[in-house]
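To start, the structure under review is shown below, and the notes come after it.
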Ligand code: SF4
Ligand code: SF4
């Protein structure tokens, strides 16, 4: 990108796109790209992308961004932050370059149909699954204790639990949600949920290029937060955590927030007396991209696992900053068919293979995208027959269960 080109009276599409990246936090660092290729090298689908991050920057510099817009392989990006984590110039590749490129592809109409459906559902129903907003709190049925909504509670509470889309609606993930509810109850937390007043956090829609939709969803949630009195928010979902912590404040929506694992880890001494031995189990932990690389939360989940009697924590080859993506982030949940067509491999299967390699009994997770993705993948990986996939909340609740 030359100064001459940037000053031209009719800036090219490359110029316009390039300078728009400066609006992202630290976006101007893109000027310092060394073309070292490290970002493209760590990208899980870099070998399939016509334009992994380093190459995309090269094309921008050559004033050939229109070539990027003609390719659909940018949709192989699962917003995993692996490139961002390794870039020696600390260029915000995931939140800047890749997300902005998806925004441009959406504007061009170059978007896979299955992603369009999820975005349309989010617009219409406030969740990507196309479920009725009125059924958002139906998961609470069948619990032997009440989960109040703010509307019902009609009083200030300590904690607003932002439950999230998949934890509210997905049958497998609802088991995790119920386990979380049980733990909050044992800890005596004064909490309430928004129920039908909750909308999708919008973070995955944002990362999939739908900034306008993200802002609409964030504003609805911000309005709901503003109606009630509480001291802090906790989220089941790392993507919701990321949105409320890092993105909502840019829209003037400011509330203290913790992920469930952080919140419970801070109270582990209160929980420990309730935990009983679950029997000897080799447990390995999958760092979700939006707890780990995006937000540096590595220790609280491990602290919780370490507190469960009987658990032997073992690490997979890729852990912490080097964790492998499950493939669900950044709209990946809604691009499985498209990505399968291109890759004929699933990232979730690579991760299951790593868990098998360390002879784990249990793959512990902390993101609602993961139990269904990994359980499905385990069916396809040789030697994974006995591997169980459990959210950390489920493991804690299993340990509580034995007390009763
Ligand atoms: S890792 Fe950073 S400096 Fe290296 S090519 Fe990628 S964006 Fe450029
Ligand atoms: S965010 Fe992940 S998938 Fe996307 S370009 Fe970077 S490394 Fe590749």
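Read-outs: derived from the displayed coordinates by stated rules, not from any lab. Fair warning: this is a prediction, and the values are worked out from it, not measured in the lab. Every residue, glycine among them, receives a Cβ derived from its backbone with ideal geometry; neighbour counts consider all protein chains shown.
For Cα pairs less than 8 Å apart in space and 6+ apart in sequence, what is the mean separation divided by the residue count of segment 72-145, i.e. the relative contact order in percent? It would help to have the intermediate numbers written out before the result.
Details: 42 pairs, mean separation 13.5, N = 74.
Value for segment 72-145: 18 percent.
Which of 216, 316, 76, 380 comes first, and how do the rest follow, when ranked by fewest Cβ neighbours within 10 Å?
380, 216, 316, 76
Test of understanding: what is the full-extension gain from residue 314 to residue 152, defined as 0.36 nm times their sequence separation minus their Cα-Cα distance?
Contour length minus the Cα-Cα distance gives 54.0 nm.
Averaging sequence separations of C-alpha pairs under 8 Å and six or more residues apart, then dividing by the length of the chain, give the relative contact order as a whole percent.
Relative contact order comes out at 15 percent.
Using only the alpha carbons, work out the radius of gyration and Dmax of segment 81-133 in angstrom.
Cα only, segment 81-133: 14.8, 45 Å (Rg, Dmax).
For segment 146-189, count all C-alpha to C-alpha pairs, find those more than 11 Å apart, and express that count as a whole percent of the total. Let's see the in-between values first.
Numbers: 659 of 946 pairs.
Everything past 11 Å amounts to 70 percent.
Please compute the alpha carbon radius of gyration of segment 273-401, then divide it by the globular-protein estimate 2.2 N^0.38 Å. Two decimals is fine.
1.04
In nm, what is the difference between 0.36 nm times the number of residues separating residue 251 and residue 336 and their Cα-Cα distance?
Contour length minus Cα-Cα distance gives 27.5 nm.
Can you show me the helix-derived [θ] at 222 nm for the chain, built from DSSP H runs with n ≥ 4 at -39,500 (n - 2.57) apiece and divided by the number of residues, rounded to the nearest 500.
Computed mean residue ellipticity for the chain: -11000 deg cm²/dmol.
At a 10 Å Cβ-Cβ cut-off, how would you order 98, 49, fewest neighbours first?
With the fewest neighbours first, 98, 49 line up as 49, 98.
Once both axes come from the Cα atoms, what is the angle between helix 99-108 and the longest principal axis of the chain, in degrees from 0 to 90, rounded to 10?
For 99-108 against the chain, the angle is about 70 degrees.
So what's the gap between the Cα centers of segment 18-50 and segment 297-317, to the nearest angstrom?
Measuring centre to centre over Cα atoms gives 33 Å.
Rounding to the nearest 10 and keeping the result within 0 to 90°, find how far the Cα-based axis of helix 113-125 lies from the longest principal axis of the chain.
It works out to around 60 degrees.
Name the most mobile residue of 91, 13, 233, meaning the one with the largest mean-square fluctuation, in a Gaussian network model of the chain with Cα contacts below 10 Å.
Checking each option, the largest mean-square fluctuation is seen for 13.
Could you check the spin-label model distance between residue 276 and residue 113? Points 7 Å from the Cα along Cα→Cβ, value in nm.
So the label points at residue 276 and residue 113 sit 5.3 nm apart.
Using only Cα atoms, tell me the angle between helix 171-186 and the longest principal axis of the chain; keep it within 0 to 90° and round to the nearest 10.
Roughly 60 degrees between the two axes.
By counting other Cβ atoms within 10 Å of each Cβ, how are 40, 168, 20 ranked from fewest to most?
In order of increasing Cβ crowding within 10 Å: 20, 40, 168.
Above 24 angstrom, tally the Cα pairs of segment 3-108 and express them as a % of all pairs, no decimals.
For segment 3-108, the fraction of Cα-Cα distances above 24 Å is 14 percent.
Once the piece of chain linking residue 64 and residue 187 is laid out straight, how much longer is it, given 0.36 nm per residue of separation minus the C-alpha distance between them?
Residue separation times 0.36 nm, minus the Cα-Cα distance, leaves 38.6 nm.
Could you give log10 I(q)/I(0) at q = 0.14 Å⁻¹ for the chain, computed by the Debye formula over C-alpha point scatterers of equal weight, without solvent?
-1.26
Work out, in µm²/s and without decimals, the Stokes-Einstein translational diffusion coefficient of segment 203-279 at 4 °C, 1.567 mPa s, Rh from Kirkwood over C-alpha pairs.
This corresponds to a translational diffusion coefficient of 92 µm²/s.
State the Cα centre-to-centre distance between segment 107-166 and segment 350-404 in whole Å.
Centre-to-centre (Cα) distance: 25 Å.
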